[in-house]
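One structure below.
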Amino acid sequence: MFNFIDIQINRALYLIKKSENILIICHRKPDADTIGSALALGDILEKQNKKIKYACQDEIPTKFFFLKNANKIKKIDQILDNIINYKLLITLDCGSFEQTGLHNFLKFSDLKAPIINIDHHHDNPHFGRLNIIEANASSTSEIVHNFLVKMNVALDKNISTSLLNGIFGDTDSFKNPNTSHHTLKTTSDLLASGANLKEITKNTLQDKSLSTLRLWGKILSEIKKNKTFGIVYAVITKKDLQECNAKSEDLEGIANFLNSIPDVKASLVLSENEKGEIKGSFRTLHDHIDVSKLARSLGGGGHKKAAGFTLPGRLIKQNNEVKIII
C-alpha cells in the first residue's frame, strides 16, 4: 500500500523519465546537504542519459570540491538565458522558492518547467508541482537516498560519498537530535556502497585554514552569554573578517561548536557578509526549543534545531556593545 510520499516519488519518476534537459538547483549560501543531495541525484540521472546542469545563487565553498561534479555547479545568473530549455527543475533542500535565488531574476509565474521540490524543512510551503517533503528526515540527502532506493539504482562510491557528506553536515557529525535509527541505517548502507567517511571528516572537521582558526579564536575570545535566556552569542563584523583574512564560509560550524558550552540552551552567531548583509545563525540541541520560530520572526526560517535569517545592514562594535544599523 502506497503512502503519500510514495505516490509523489512515482509521479516525480514519471516527470524525470519524460524530461531530457534537467536543471538541479541548490539553495543560496549552499551547505553540505544541498550540495551533496544535488550532486548525488544529478550523477544518477546522468547515468540514465539525462542532460543535467547544476545551479546555485552563490558560489560553492571550495572545501566541497572533493565531491564529484561540485565544480559543475554554476551561478544562476550564468544559466538564465537557457532557463526555457529546461523541461524540469529539481530543487534540493530549498525551504522556499526564495531560497533558490530564482526570484531575483524572474517571477515564479514565468517558469514554464515544472518543479520537483525535495526537502526536509518542516515549514516548506510546497511550492513545487511535486513536493517530496519529509520533515522527520535528518537531511535532504537522506530523502534522496530513499528516492534512489525506490529507483532501484546502484550507488557507487561518488554518489554515496555525496549523500553521506550531506547527512554528516546536517546532523553535525551525528550529534544533533535529528539523527534517527533510519539515519544511521542509511549511513551504514552508504558506507557499504563505498562512501568515503575519512575524506568527509577531513574536509569537514580537520582541514581548518590558518585564517579560519584566527577567526574562531577571535570569536571565542569575545563570546557573550545572555543569562536570562541561556543563549550564547557571537558577533563578527566585516572588519573582523578582513583582520583575519577570512571569508564568510570560514564561519561554518562555529554556531554548532558554541552549543558544546555547558548550560547553553541555544547559540546565535551574527555576522556581516561581503554583500552588506547581516546573517544570523541559530542552533540548539534541546528538544523543547524551536529556533526556527525565532528565525521566522526575523524573516528567515529553517529547522527546529538549526535556523537562520538575513537582513540588510551592518554591525558595529562599540564600548563592549553591538549596534545593528539597518
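Each reported figure results from applying straightforward, stated rules to the coordinates on display, with no laboratory input. Since we're looking at a predicted model, the values are computed, not measured. Methodologically, a virtual Cβ is constructed for each residue, glycine included, from the backbone with ideal geometry; neighbour enumeration extends over all protein chains shown.
Quick notes on this structure:
- Descending semi-axes in Å of segment 210-325, equivalent ellipsoid built from Cα gyration tensor: 21, 16, 14
- A crude spin-label estimate for the pair residue 286 and residue 17, with each label 7 Å from Cα along the Cβ direction, gives 5.0 nm.
- Helix axis angle, 4-17 relative to the chain longest principal axis, alpha carbon, degrees: 70
- A crude spin-label estimate for the pair residue 82 and residue 129, with each label 7 Å from Cα along the Cβ direction, gives 2.1 nm.
- Cut-off 13 Å between beta-carbons: net charge of the residues surrounding residue 105, Lys and Arg +1, Asp and Glu -1: -1
- Each of 151, 79, 183 was scored by the projection of its Cα onto the charge dipole of segment 74-220, and the greatest displacement toward the positive side belongs to 79; charges sit on the C-beta of Lys, Arg, Asp and Glu.
- Considering only 36, 301, 194, the mean-square fluctuation computed in a Gaussian network model of the chain, springs between alpha carbons under 10 angstrom, is largest for 194.
- The charge dipole of segment 4-204, taken about its Cα centre with unit charges on the Cβ atoms of Lys, Arg (+1), Asp and Glu (-1) only, comes to about 620 debye.
- Note on residue 71/residue 316: beta-carbon distance plugged into 1/(1 + (r/R0)^6) with R0 of 30 Å gives a FRET efficiency of 0.20.
- The separation of segment 123-163 from segment 88-117, counted between C-alpha centres, amounts to 17 Å.
- Distance between modelled label sites at residue 211 and residue 223, nm, 7 Å Cα→Cβ extension: 2.3
- Relative contact order of the chain, pairs being alpha-carbon contacts under 8 Å that are 6 or more residues apart, as %: 12
- The HN-Hα couplings worked out from phi for segment 148-161 by the Karplus form 6.51 cos²θ - 1.76 cosθ + 1.60 (θ = phi - 60°) are 5, 4, 5, 6, 6, 10, 7, 9, 8, 5, 5, 5, 5, 5 Hz, whole numbers, x standing for Gly and Pro.
- Taking the longest Cα principal axis of the chain as reference, the axis of helix 210-222 is set at about 50 degrees.
- Separation of the alpha carbons by more than 22 angstrom is noted, of 225/293; 150/202; 51/112; 68/218; 247/293, for 150/202; 68/218; 247/293.
- Taking a Cβ cut-off of under 14 Å around residue 225, the surrounding Lys, Arg, Asp and Glu residues balance to a net charge of +1, with basic ones at +1 and acidic ones at -1.
- Using the Cβ-Cβ distance between residue 326 and residue 192 with R0 set to 51 Å, the FRET efficiency from 1/(1 + (r/R0)^6) comes to roughly 0.50.
- Positive dipole terminus of segment 210-325, leading residue within 213, 259, 295 (C-beta point charges): 295
- Segment 1-29 and segment 289-326 have Cα centres separated by 33 Å.
- Under the convention that each Lys and Arg Cβ holds +1 and each Asp and Glu Cβ holds -1, the size of the dipole of segment 1-117 around its Cα centre is about 380 debye.
- Restricting the calculation to Cα atoms, every distinct pair contributes to the Kirkwood radius of the chain, found to be 20.3 Å.
- Applied to segment 247-254, the Karplus parametrisation 6.51 cos²θ - 1.76 cosθ + 1.60 on θ = phi - 60° returns per-residue 3J(HN,Hα) values of 10, 4, 5, 6, 7, 4, x, 5 Hz, with x for Gly and Pro.
- The magnitude of the dipole of segment 210-325, with charges of +1 and -1 set on the Cβ of Lys/Arg and Asp/Glu and taken from the Cα centre, is near 260 debye.
- In this calculation the C-beta distance from residue 261 to residue 110 is compared with R0 = 45 Å, giving a FRET efficiency of 0.45.
- For GluC sites (Glu not before Pro), the sites in segment 250-326 that DSSP calls loop and that have at most 13 other Cβ atoms within 10 Å are 274.
- Pairs from 63/305; 275/323; 279/323; 63/198; 175/239 whose Cα-Cα separation, in the structure shown, is over 21 Å: 63/305; 175/239
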